[in-house]
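Following: one structure in structure tokens, then a few remarks.
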Amino acid sequence: MAATSIPVPASGGISRVLHRARVEPAYAAFLTLRIGFFVLPVVFGLDKFFNALTNWEGYLAPWLVGLLPFSGHTAMLIVGVVEIVAGILIAIKPRYAAYVVALWLAGIIVNLVTYSGFYDVALRDFGLLVAALALAQLARTYDPRTGGRVRANSISKSR
């Protein structure tokens, strides 16, 4: 079977990004996680205001509601804003925002494991926490500290 090469698009933008995702599996993983961690928190955050997917207040542990100086409903509105901001931060700078999301998920997990009946959701959120940490690691290569471009041979030079 002969090897074929995929021509690099001359134009920039989305076609270049898609080409790079096709030829670099690690970049494709980074892009997938970045898009996912942008879309999902924004959608879930917006739903905290509408409760179309579920009644989010039902996920708050009673001990936590007892500590709050406001209602569970108000807490969920604040959570919604935080989730929307987290999603936007992932879109802007995943290198740092992925750690913020991981910490946020850790807090959600603590809430869920202290409230009987939500262990399955806590386990799912643990999987999301692991994925957020994977995004943070991939972002070390694909989202540089500065606004500069990533060198094409940055991986081979680090070995």
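Read-outs: derived from the displayed coordinates by stated rules, not from any lab. Quantities reported herein were computed from a predicted structural model and do not represent experimental measurements. Cβ coordinates were reconstructed from backbone atoms using ideal geometry, including for glycine residues, and neighbour counts include every protein chain displayed.
Of note:
- Counted over all Cα-Cα pairs of the range 65-136, pairs farther apart than 14 Å make up 64 percent.
- Chain lengthening between ARG124 and VAL17 when straightened (0.36 nm per residue, less Cα-Cα): 35.5 nm
- Debye-sum result for the range 79-120 in log10 I(q)/I(0), which assumes one identical scatterer on each alpha carbon, at q = 0.14, 0.24, 0.26, 0.28 Å⁻¹: -0.37, -0.78, -0.84, -0.90
- In terms of packing, defined here as the mean over residues of other Cβ atoms within 10 angstrom, the peptides 19-32, 63-76, 122-135 line up highest first as 122-135, 19-32, 63-76.
- Peptides 77-88, 44-55, ordered by how many other C-beta atoms sit within 10 Å of their residues on average, highest first, read 77-88, 44-55.
- Cα-based Kirkwood hydrodynamic radius, the range 21-118, one decimal, Å: 14.6
- Modelled spin-label separation between TYR99 and LEU53, with each label point placed 7 Å from Cα along the Cα-to-Cβ direction: 2.6 nm.
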